[in-house]
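Engineer: What follows is a structure written as structure tokens; I'll ask about it next.
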Amino acid sequence: MKHETDNYSYTIDPYHQEDQSLMRGQVVASGLTAPAIDIGALAGMIFKKWWIVLGGALAIGVLALLYLMGKPPIYGSSAVVYVGQETERVLQIQAVTPDDFREMEELMTVEHSLASASVLLRVIEKNGLQTDPTFMGLNDDGNAYSDNMLVNFLGSRVQATLRRGTRLIDVHVEDTNAERARRIARSVVDEFMDMNYEQRLQATRRATESLVEESERLKERLEESERKLQLFRQEHPDLPLENDDGIVVAKLRKLNDDLSAAKAERLRLATDVEQLEKADLKDAETILRLGTVAQKEEIVELQKAIDQKEAEFARIEKRYGYKHPTYISIESELAELHLALHDNALAAGENMRKRYEAAVENEGKLAAAVGSQNNLLLGLNDSLMAMRALEREVESDRELYEAVQRRIKETHVTEGIQESHLRLVEEPMVADFPFKPRKKVIMGLALVFGGLIGTGVIVLMSLLDGSLRTVGQVERVLGIPGLTTIPTGEFGGLSEAIAIRQDSNSRVSEAFRMLRTSLSFTGLQGPSRSVLFTSASSNEGKSFCAMNYAVALASQGYRTLLIDADLRRPSLCKALLGEVESVGLSDHLSGTIEPGDACYSTDFENLYFLPAGTATSNPAELIGDERFPRLIAEAYRWFDRIIIDSSPVGVVSDAVSIANSVQSVCFVVRSGKTHRKAAVKACRFLQRAGVPLAGFVLNGARDEPINAYQTYQAQTASPVVKHEPALAIYGNQ
């Protein structure tokens, strides 16, 4: 494809143009992923800085050892208690204050009560712990410990725990003396059971005293009620002994039920009548709002008929005019229905008034009948009912008195019998070995914890370090493939940094051969003929990579042109030509010289160099000028490969302007120096500009040596091609 501008024609390789557009699509599709932690790199850093992990483990281990040296041995002893659902009884007699231990709340109450202050104080007094100098030690002021201090100290060593899903409670005691720990564990159970027995005994005695007092009172009351009954019978000797008033009572009950029903009916009608009195009797709609009227069967039927007729009239009204016979017929029928509804509503209102008057009259008659029946019953049975009341009172007093007498006898029998809902199912034993402190466990945990602290320090250092270090990390962060890894080399400067010249078999040389092979596969229809090297910021090795890559291409027989397009800080001229200043790219772009006059041969066969040229004040305008793409297009005619070194993307935009004229862009990342944010920002900028980003080169890697198989592949993947130059450099020898 040929373009003509300003009477100057230049050719753009069709393959270059198609490959560039396709490559641009690939970069856009690849996108950029969010930063992630590189587990492999992190593991490598931990392995590399193992002394930090070891130091943390040793430091915490020493502290743990000092802690163990100052801790006395602690022995433990446990008793197991079973809590029954009911109190175990010697006699099957109901207790005065029965306990129910079927609920979980009661079990938890026993659990907490076993280690209560009252029980612990009894244990201290029972075992003489308040005078034992080995139990709590000597007080600082020489005075005896208070009960509160003793209880708190013992409470810290006694623990009662309810076993999940059982009715068993473990009473565990810790002490520096194994025998004392066993003795205290048994004392806790015994003292708790003794305290419960004493509490029940006191409650029984108080209950007995109360029952005796109540018995005396009930006895006097029974004698008084029997005396009243005897006097009443003497005054009414003609009263029957059996109850023969059942017929009168049944009739009275029936009349009372009827009176209640009549009263309810009257009240219901009274509400509707009251609303009817307030309503306009000529307004049927007001009457129809009453519940009693609206529920009448004939009213409901008329309402349904009106609704149906109105629906039919609505259809007729849309279809016929108001003079149509059908319209007139339906309209008259609807009017008749409304009139019938109005008449029925008025009639229902009047009927409701009459029903209310009848209900009032019926209620009055029933009330009179009930009153008459009451008078009859009172006249016949007043004396009999009074006697029956006295008999019931006597019987009730006798039953209460006898029940209290039985209860007094039961409490006297059970007063001296010890009953308990607890049962000791496992005796505490003397421990052979201390269980605290667990030296092996503590030391193991200390070493592990110290190692974790050291690892955490390394992880924190890794997280605070935002630089990119490994290929996997760069691929995850940038979302582009890695082309090769350049290991760290010993170079005095850029002029001495040509790896193949120093040692053609070095790892650095093999890395650039791998880069040569990798970039040969980036094109869709063939190897990329033009490659741009750029980076996120300065001093990341883009010029070093571009120069060595060009040398690697030239050594394989490709006629290669290396262009120093970094017009702001050129660095390749001195390394290749031994000169600081010379005419070059800037002079051609400004129109001063032709490209052939600015292109120089180098010490390497097939490698030609186009330096940056004379310093200029407007490098961005020169790079963005149309002469640059014409220069690249013209260079395709004379060279097999074109390598361009540009300015960093994160500093200036020159690289983006150049990238639109090349087939591939190689992004250089300096291991341990290039910051993640700067690299992401630069790649996103290139992506938005549609740059054909082929991948990245990890420069200065220390921990990723080149695989021997990869080295062999890099040396043999592309055959050596000897290109005979068809023409001289831009027409000049």
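Engineer: Could you pull out the residue among 547, 514 that is of a type in the set (A, V, I, L, M, F, W, C), open to solvent by 20 Å² or more (accessible area, probe 1.4 Å), within 20 Å of residue 668 (Cβ to Cβ) and assigned to a helix (DSSP H, G or I)?
Structural biologist: 514
Engineer: Looking for whichever is under 21 Å from residue 652 (Cα atoms), open to solvent by less than 50 Å² (accessible area, probe 1.4 Å) and of a type in the set (Phe, Trp, Tyr) here; the options are 604, 533. Which one fits?
Structural biologist: None of the others qualify; the one that does is 533.
Engineer: Tell me, please, whether a residue that is modelled with pLDDT of 85 or more and within 26 Å of residue 569 (Cα to Cα) can be found in the stretch 513-521.
Structural biologist: yes
Engineer: Given (1) under 25 Å from residue 551 (Cβ atoms); (2) modelled with pLDDT under 85, identify the lone condition not met by residue 588.
Structural biologist: It fails just one condition, (2).
Engineer: Considering every residue within the stretch 682-700, establish whether at least one is under 23 Å from residue 609 (Cα atoms), open to solvent by 10 Å² or more (accessible area, probe 1.4 Å) and assigned to a helix (DSSP H, G or I).
Structural biologist: No: the stretch 682-700 contains no residue that is under 23 Å from residue 609 (Cα atoms), open to solvent by 10 Å² or more (accessible area, probe 1.4 Å) and assigned to a helix (DSSP H, G or I).
Engineer: Which pairs do you get when a residue that is in contact (Cβ under 8 Å) with a residue 60 or more places away in the chain, found in the stretch 661-674, comes within reach of a residue that is open to solvent by less than 10 Å² (accessible area, probe 1.4 Å) and of a type in the set (Asp, Glu), reach meaning Cβ atoms under 8 angstrom, with the pair 6+ apart or on two chains?
Structural biologist: Every condition considered, the pairs that remain are 663/19; 668/540; 669/540; 670/540; 673/540; 674/540.
Engineer: Looking at 725, 629, 705, 719 in this structure, which one is open to solvent by 30 Å² or more (accessible area, probe 1.4 Å), modelled with pLDDT of 85 or more and either of a type in the set (Phe, Trp, Tyr) or outside any strand (DSSP E or B) (or both)?
Structural biologist: Being open to solvent by 30 Å² or more (accessible area, probe 1.4 Å), modelled with pLDDT of 85 or more and either of a type in the set (Phe, Trp, Tyr) or outside any strand (DSSP E or B) (or both) holds for just one of 725, 629, 705, 719, which is 629.
Engineer: Tally the residues that are among the acidic types (Asp, Glu), open to solvent by less than 50 Å² (accessible area, probe 1.4 Å) and within 25 Å of residue 166 (Cα to Cα), restricting the search to the stretch 103-140.
Structural biologist: Result for the stretch 103-140: 1.
Engineer: Residue 181 - would you say it is buried (at least 20 other Cβ atoms within 10 Å of the Cβ) and over 13 Å from residue 121 (Cβ atoms)?
Structural biologist: So residue 181 passes the test.
Engineer: Turning to a different aspect of this structure: Can we say residue 662 is surrounded by 22 or more Cβ atoms within 10 Å (Cβ to Cβ), of a type in the set (A, V, I, L, M, F, W, C) and within 22 Å of residue 509 (Cα to Cα)?
Structural biologist: No, not satisfied.
The values are calculated or read from the model by the stated rules, or taken from the named source; none is laboratory data. Bear in mind the structure is a predicted one, so any value in this text is a computation, not a measurement. Every residue, glycine among them, receives a Cβ derived from its backbone with ideal geometry; neighbour counts consider all protein chains shown. These area figures cover heavy atoms from the full protein model, side chains too; ligands, DNA and RNA do not enter into them. Shrake-Rupley method; radii C 1.70, N 1.55, O 1.52, S 1.80 Å.
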